[in-house]
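Participant: First the structure, then my questions, so here it is.
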Amino acid sequence: MAESKAELVQMTTNGFEPKIVAFFCNWCTYLAADLAGTSRVKYAPNIRVIRTMCSGRVDPQFVLDAFARGADGVLIGGCHPGDCHYQEGNYKTLRRVRMLRRVLHDMGIEDARFRLEWISASEAERLKAVVNDMVEKVRALGPLQLKVKPEHLPEEVAA
């Protein structure tokens, strides 16, 4: 008996739908998401967008807290290098992401769960492709299973 693609996906993931926190730069990636909405470009609804003025303002602690509070993945979207509204914010982001990758690896969090993408305001289709690709990769990994919950979180969140 032939099964549809949707049935196969459902069977392999046991209904798991990843939760992805997305930190988007106000001047580029957030506008690409807005353009996708006004252009009716559909992408996976698994992301929760947090608008920041610049990707350089995404503190590493924000990423760690997102994972600690139940996110299965984190996506940072910023302006292309050289096009930052604040001149060098995305270069700061790049340095932080390199450091964060090492920390996350040491915590046992797979590389595919954390992603940095440069997406300009006019790239709604690219945003769609990035989001859909990340959702599929995180879905294939399954839910994030952190072994140790941070001590600074309230008990109801850490449980």
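Participant: Return yes or no: is Cys25 under 14 Å from the mean Cα position of the chain (by Cα) and at pLDDT 95 or above?
Facilitator: Yes, satisfied.
Participant: Yes or no: Gly82 surrounded by fewer than 13 Cβ atoms within 10 Å (Cβ to Cβ), at pLDDT below 95 and either at positive phi or in contact with a helix residue (DSSP H, G or I) (Cβ under 7 Å, 6 or more places away or on another chain) (or both)? Break it down into steps so the answer makes sense when it comes.
Facilitator: On the way: surrounded by fewer than 13 Cβ atoms within 10 Å (Cβ to Cβ): yes; at pLDDT below 95: yes; either at positive phi or in contact with a helix residue (DSSP H, G or I) (Cβ under 7 Å, 6 or more places away or on another chain) (or both): yes.
In short, yes.
Participant: Quick one: in the range 27-48, which of the residues that are over 19 Å from Gly89 (Cα atoms) and hydrophobic (A, V, I, L, M, F, W, C) is surrounded by the fewest Cβ atoms within 10 Å (Cβ to Cβ)?
Facilitator: Here is the first cut: in the range 27-48, the ones over 19 Å from Gly89 (Cα atoms) are 33-48.
Within this subset, residues satisfying the condition of being hydrophobic (A, V, I, L, M, F, W, C) are 33, 35-36, 41, 44, 47.
Working: Ala33: 23, Leu35: 17, Ala36: 19, Val41: 14, Ala44: 17, Ile47: 24.
Here the residue is Val41.
The values are calculated or read from the model by the stated rules, or taken from the named source; none is laboratory data. Worth saying up front: this structure is predicted, and the values here are computed from it rather than measured. No Cβ is skipped: glycine too gets one built from the backbone with ideal geometry, and neighbour counts run over all protein chains shown.
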